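Visitor: I have a structure I would like to understand better, so I am pasting it below and will then ask my questions one at a time.
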Amino acid sequence: MEKASWTIYWNEYSSDTYLYGSKVDFLGKNNVHFENELMPPGTIIKEWYSMTNYQDQRIEPALPIIDGESKYHIIIDIDTPGDTGYLIRLVFLDRYEREAGDFTIRNKEADFSCPLKTYSYRMQLINAGMKEFVYHSITIEELD
């Protein structure tokens, strides 16, 4: 049986993007250049969701549905000067939208699993001191 794999791109819809003073160039589906000289560390630059309220947010879910039974591997393809300066944070929510746990990734790859009571989750790209980067994609793979 082949393991499942999902690739998450940065779509041009910008409602969940930090735009204050930012220059965002969509050069291709897997090539987004982002620049902001004044953005403070800790700022959430972009957020993706596994479940959305279309009537409220006007966006479709970008993340795959995952469960607490499996383990997953995440591969981050973001180019930054010196390959540093960002964090990826997964925030797991229960069915009442309360935080059930989180997982922060500081490297290009990591393994993770979500809490059993996870109903939905979101993924955040967080500034950790960078001024610019090129986002290609993030891939989530199910492990055996």
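Visitor: Pick from Arg106, Arg95, Arg89: which is of a type outside the set (Val, Ile, Thr) and more than 15 Å from the chain's Cα centre (by Cα)?
Guide: Result: Arg95 is the single residue among Arg106, Arg95, Arg89 that is of a type outside the set (Val, Ile, Thr) and more than 15 Å from the chain's Cα centre (by Cα).
Visitor: I've got another one for you. Name the pairs: first residue in the stretch 64-93 and without any contact (Cβ under 8 Å) to a residue 60 or more places away in the chain, second residue in a strand (DSSP E or B) and basic (Lys, Arg), Cβ to Cβ under 7 Å, at least 6 apart or on different chains?
Guide: Hits for this filter: Val91/Arg122.
For every residue, the table says whether it meets (1) at pLDDT 95 or above; (2) closer than 21 Å to Asn30 by Cα.
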{"position": "Asp83", "(1), (2)": "no, yes"}
{"position": "Glu97", "(1), (2)": "no, no"}
{"position": "Thr104", "(1), (2)": "yes, no"}
{"position": "Cys114", "(1), (2)": "no, no"}
{"position": "Glu142", "(1), (2)": "no, no"}
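Results for (1) touching a Leu at 6+ places or on another chain (Cβ under 9 Å); (2) not β-branched (Val, Ile, Thr), shown as yes or no for each residue.
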residue: Ile45; (1), (2): yes, no
residue: Glu69; (1), (2): yes, yes
residue: Leu87; (1), (2): yes, yes
residue: Ala100; (1), (2): yes, yes
residue: Lys108; (1), (2): no, yes
residue: Asp111; (1), (2): yes, yes
residue: Pro115; (1), (2): no, yes
residue: Ser120; (1), (2): yes, yes
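Visitor: Kindly indicate the residue of the stretch 30-56 that is surrounded by 11 or more Cβ atoms within 10 Å (Cβ to Cβ) and modelled with pLDDT under 90 and also nearest to Asp111 (Cα to Cα) among those meeting that condition.
Guide: Looking at the filtered set, the residue picked out is Met51.
Visitor: Can you report the number of residues in the stretch 65-84 which are in contact with a Phe, Trp or Tyr (Cβ under 7 Å, 6 or more places away or on another chain) and under 18 Å from Gln124 (Cβ atoms)?
Guide: Counting residues in the stretch 65-84 that are in contact with a Phe, Trp or Tyr (Cβ under 7 Å, 6 or more places away or on another chain) and under 18 Å from Gln124 (Cβ atoms) gives 5.
Visitor: Let me ask something else about it. Looking for whichever is charged (D, E, K, R) and farther than 17 Å from Ser137 by Cα here; the options are Glu69, Glu12. Which one fits?
Guide: From the options Glu69, Glu12, the qualifying one is Glu69.
Visitor: Quick one: is Tyr20 modelled with pLDDT of 90 or more and surrounded by 15 or more Cβ atoms within 10 Å (Cβ to Cβ)?
Guide: no
The values are calculated or read from the model by the stated rules, or taken from the named source; none is laboratory data. Fair warning: this is a prediction, and the values are worked out from it, not measured in the lab. All Cβ positions, even for glycine, are placed from backbone atoms using ideal geometry, and neighbour counts span all protein chains on display.
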